[in-house]
Amino acid sequence: MPMVPRQRPAAEAPASLTQAGPRPSGDCPDCGSERVTALTMTLTDGTPVDFASCHNCEHRHWSHEGRSLPFADVITRATKLKV
Ligand SMILES: [Zn+2]
């Protein structure tokens, strides 16, 4: 039996898969560019939203559970506690 150096278990996921994951928000709804920075934030009223900013056309949008939120709605939710 030849001596072979220990190798990483084959069951271990490739590094590329660990970064794929579910895409919170896809392409820019305005210009279709994939150069979109997406991050999740929580509004003041506790609503988790995905914020996306397009590097191509500087379009910005918020979405909640896959549905886009109008900017006015985001502001309304973010200022709800001030009532
Ligand atoms: Zn865009």
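The values are calculated or read from the model by the stated rules, or taken from the named source; none is laboratory data. The model shown is predicted, which means the values in this text are computed figures rather than measured ones. Here Cβ is always computed from backbone atoms with ideal geometry, including for glycine, and neighbour counts include all displayed protein chains. Side chains are part of the model used for accessible areas, which takes the heavy atoms of the whole protein and leaves out ligands, DNA and RNA. Shrake-Rupley method; radii C 1.70, N 1.55, O 1.52, S 1.80 Å.
Computed on protein heavy atoms with a 1.4 Å probe, the accessible areas place Phe71, Phe51 in the order Phe71, Phe51, largest first. The label point for Thr42 and the one for Glu65, both projected 7 Å from the Cα toward the Cβ, are 1.7 nm apart. Over the stretch 25-78, accessible surface divided per residue gives 63 Å², non-protein components excluded, 1.4 Å probe.
Under a model in which nothing but the beta-carbon of Lys, Arg (+1) and Asp, Glu (-1) is charged, the stretch 31-81 shows a dipole of about 80 debye around its Cα centre.
Of the heavy-atom accessible surface of the stretch 25-78 (probe 1.4 angstrom), what whole percent is carbon and sulfur? That fraction is 46 percent.
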